[in-house]
Amino acid sequence: MNAAFGDGSRRYELAIFGVCFAALLLEISYTRVVSFKLFYYFTYLVIGFALLGIGSGGVLIAISRRLARVPLERLLGIGSFVASLAIALGYLVVAGLPTDTRRLDDAPGVEIAKLGLLCLALFTSFLPIGIMISALLSRNPTRIARLYFADLAGAAAACAVAVPLLRALTPPGCILLAALLLAALAAHFARPASRALFGASLALAAILAAGVAMPGGIPDPLPDATKRFTRIQPSTEPIFSAWDPVFRIDVTQHSEDLLLLHHDGMLGSTLHRFDGDPGSLTRFDSDARSYAFRVTERPIEDVLIVGAAGGHEILASLFFDAKRVTALELNSTTVSLQTRHFRDFGGNLAAHPGVRLVNAEARSHLAREGGLYDLIYFVAPDSYSAQNAVSAGAFVLSESYLYTTEMIEESLAHLREDGVIAMQFGEFDYERKPNRTARYVATARHALERMGVEHADRHILVATSPAFITLSTILVKRSPVTSAEEARFLANTRRVDGAVPRHVPGRTIDDGPVNEILRLPSEALPAWYASQPYDLSPVTDDSPFFWHFARFRTAFRTVFEPPPAFDHEDAVGERLLLILLGLSALFAGVFLLLPFVAIRDTWAALPHRARSFGLFAAIGCGFMLFEIALIQKLVLFLGYPTYSLTVTLMSLLVFTGLGSLASGRLRERGGRTIAGLFGAIVVLTFFYQLGLGAVTGAMLGAPLLVRAIVAVAVMAPLGLVLGVYMPLGLSALASSPAHAEAYVAWGWAVNGFFSVIGSVLTTILSMTIGFRAVLLLGLAAYAIASWMLHGLLARAGPVPGVAR
C-alpha cells in the first residue's frame, strides 16, 4: 500500500478528492474550449453531458454485475486509465471536428451527427469518472459522509485554482492536466496488481505531461465555419493569440495600419495605428462616435469608457479634446494589447497624458471610485463574450449587469447635471426588429421614471448609421434635451455618412418600437410589451438577460426550424436550451428507468423507490436552483466573473462538504434534524430575498478581499445546511444491507440526472421569472426533499459503524 495515500478509507478519500478535482477542472476548461469552437450557448452541452456522464456511471454501477465483481482498487486503476485516455482522445475529437452550424438548414443530418459526436466525446470523458465516484460511495456506506466531503473538497479545490491554471496552461493545457492527474491515479492503483496497466499509465502520463508543459504544441480547436466565415480575412494566420478566462483573443493583420481583434473566434474590435498626435484622428469628425461629444452644451472634459477594447473611444475622446479619460476593460489580455504586445503600434495610448486604462468591471469601479463625468460611454460591451460567470460548477454565459435599470440609474448618478450616457449597439435589421435599441430605450425610460422623471422621452436621443451592420447610438441625459442640443444632434446626423435620426424629443419621426416605447403612457406599456413578437421589456438586476428577446413559447414552436442566418440572437439560444432540457429528460428516462429492466427482480424488491426518487430529484433540482441564482447574483457584487467562480462556488462546495461531515451526528435526531434544516433554509431564503441586496449594495465599493469574505459568509450557512441532505439520504438507503450498493448508486444517479435538468431549467426560469422567484422554487424543492427524507429516516434502521 502506498504510504503517500495513507491506508484504509483515507486512501479512498484522497482518491475521490483527486477524481473530483480532475472532473471539475475538465468541465471548466471545456466550457472555454467549446465557447471558442462554437458559440457561448453551447457551453450548456459541456455542463449537461458532464453531469449526464457522472450520473450514468452511477446507473452502470447499480445494474452491472460485471462491475460489481471487480475489486474496488482494480476498478479505480482501470477507471482512471480509461478516463485519462478518453479525455485525451476526446479533446482531439472536439478540437479537430469540423462543424458548420450554418448548414443545419440544408444538411441537418450531417451537422447534427457531428454535434452528436462532439457530445459523445464529452460524455465518454465523464462516464468513467461517474463510475469511480459511485463505486467509492456505494462500496463504503459507513464512510459516505467523509467521502462526500472529499468529493466536494476536490471540486472546491479545482475552483480555487482553475483561473490561474487557465491563464498559465491555457484551457487545452488544463484539459490535458486533468487527464494527467487521472493517469497518475491509475498508475498508483495499478502498481501492486498489474504491471501492464502500470506501464501503460506511466507512458500515458509522460505523453500528457509533455503536452501540459508545452501547451503551445496542443492542437488548437478548429472554430465553427460560421466563425471562420465572419472573419474578414479567414486565411490570415493570427500574429498574436492568448487564452483568457473571459474570452480568447486572436489578433490578425488586416493592413499595415489596422489589426483585427477576434473575441472567441469572431471579429470583436480593431486596433488602429496611432502616431501619438490627436490631430491626426480626423476620421472621427464624421464618425458616429462624434454624437457623444458634439451634442451637449458644455465641452466633454471627463470621460468614462466602459469596454475599452481596441481603444477607438479613447482616441475619439482625445480628438474631441477630453482632458481626463478613464477606460475600463474587463479582459486583462485585451488591456495587455495596449500596454505590452502592441503598445508602440497603438501609440502607447495607455501612457498618454490624461488617459487611465483600468482592468475592471464598471459597476464595482463606480461604487469604489465614484466621481462625476461629463460622458459615460458604453462601447457595445457585448455580454456574449465579455460577461462569463458560473452555472452548475463551470463558466457559462451570464447576461450582463451593464444593461440593467439599476446600472443606468448608477450611471446617471455619476454624471454632472448636463452629462450624457452614450450606448452603441450593432443591429442586424433595424427596420424589422431594432431589438437592442428598443430594449435599452425601454430600460432607460424605466430608470428615469424610477428617478422621478415624468417625461423620459425628453431625455433621450437616438440615431442610426451604416457600419458592418447598422450602428445604433442612444444618448441618455440627466437633464432634458434642450432645443440647442436637438439642433446639434440633427446637424451631426448630417455630418455622419448615411446617418438617420430615430428619436428626437417632441418630433414624430417614425412609428417603430423605439418611438412607441417613448410616447405610450406608462399604464399602456405592459400590454404593448406583451403584444410584441420579441420581448422588449425593461431589464433589471433580478433578471439581467438583456439579450433574451425571443420568448420561450416562440422558441418552443420553432424549436426544429433552421436557425436564422448570422442572427444568433433570434431564439437560437432559447431553442438550444429547450432541446437540452428535452435531451436531459430523455437521457434520464433511458438511463434511469430502462437499465433497471436488466435487474427488474432486484429493482422490484427495493423498498421506498418512489420516495427515494422524489428525494434525490428534489435535492438535484433544488441545489441547482439555489446555486445558479446566488452565484449569478454575486457576480455583480464581486465585480468580476472569475472572482465569482473562485469565491462563491468554492465556498459553497467547501461548506456543503462540512455539512456532509456533520450529517453523521445529526441523523440520530431524525425528525428534529429535518425540521431544523428546513427552517434554516426558509430563513436563509428570505434573507437572500430581502437582505442580500442591501448588504452587497453597501459593500460594493469595499476592497475585493473584504467583498470576498462577505461572499463566503453569505454562502457558508446555505452550504452547511444543503450539505446534510445528500449524505443523510444516501445513508438512509444504505441501511438496507441487502441492497446497499444498488440503492446508493441509484440515489447518486437520480441526483446527477436531475442536477442536469435543474441546471438547464434554472437558466430558463431565471430568464423568464427572475432570480427571486427561482430562489422560492428552490425553497419549494427542499420542502419536498425534507418531507421525503423525513419518511426515509423514519423507516430506515441505524447504519452500524457510520463515521461521525
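Evaluate the charge dipole of region 279-343 about its Cα centre and quote only its size in Debye, nearest 20, assuming +1 on the Cβ of each Lys and Arg and -1 on the Cβ of each Asp and Glu. Please list the in-between numbers first.
Values: 8 positive and 8 negative charges, 41 e Å.
Its charge dipole is roughly 200 debye.
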| query | For region 201-303, with only Lys/Arg (+1) and Asp/Glu (-1) charged at the beta-carbon, what is the dipole magnitude about the Cα centre, in debye rounded to 20? | reply | 340 debye
| remark: So for R0 = 56 Å, FRET eff. of Asp541-Ala351 from the Cβ-Cβ r, to 0.05, ends up at 0.95
| Positive dipole terminus of region 418-568, leading residue within Ala555, Ala422, Ala456 (C-beta point charges) | Ala422
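If you keep only loop residues by DSSP, which GluC sites (Glu not before Pro) in region 260-339 have at most 15 other Cβ atoms within 10 Å of their Cβ? Walk me through the intermediate numbers first.
On the way: sites: Glu297, Glu301, Glu313, Glu329; in loops: Glu297, Glu301.
Within region 260-339, the qualifying GluC sites (Glu not before Pro) (loop, at most 15 other Cβ atoms within 10 Å) are Glu297.
We did not get these values from a lab; they are worked out from the coordinates using the rules stated. Predicted model only: the values in this text are computed from it and were never measured. All Cβ positions, even for glycine, are placed from backbone atoms using ideal geometry, and neighbour counts span all protein chains on display.
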